[in-house]
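The values are calculated or read from the model by the stated rules, or taken from the named source; none is laboratory data. As the structure is a computational prediction, the values presented were derived from the model and not from experiment. Positions of Cβ are backbone-derived with ideal geometry, glycine not excepted, and every protein chain shown enters the neighbour counts.
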């Protein structure tokens, strides 16, 4: 079993605006950086992309939905 890294957490808590309300998400720095790159590629602000994900998510919390979005985005790029 792999050891967990010691030191500061790689998960960052961010406040985002979703449908006019503030909420917080806890997402690893790597995922958040990739998420911002995807938003820029799509020509939208990260907050707008968070709102879009929030509208489409079903049985998961928003932080997990963001991680899954990033994963699916890159899976789709590798398929084609």
Flagged in the range 5-37 as in contact with a helix residue (DSSP H, G or I) (Cβ under 6 Å, 6 or more places away or on another chain) and modelled with pLDDT of 85 or more, in numbering order, are 12, 16, 17, 18, 25, 26, 27, 31, 34, 35, 36
Based on this model, can you work out whether residue 2 counts as at pLDDT below 95 and surrounded by 15 or more Cβ atoms within 10 Å (Cβ to Cβ)?
no
Within the range 27-45, track down each residue that is part of a helix (DSSP H, G or I), crowded, with 17+ Cβ neighbours inside 10 Å and under 9 Å from the mean Cα position of the chain (by Cα).
31, 32, 34, 35
Scanning the range 53-67 for residues that are surrounded by 10 or more Cβ atoms within 10 Å (Cβ to Cβ) and either more than 18 Å from residue 24 (Cβ to Cβ) or in contact (Cβ under 8 Å) with a residue 40 or more places away in the chain (or both) gives 62, 66, 67
Kindly indicate whether residue 23 is closer than 14 Å to residue 74 by Cβ and surrounded by fewer than 15 Cβ atoms within 10 Å (Cβ to Cβ).
no
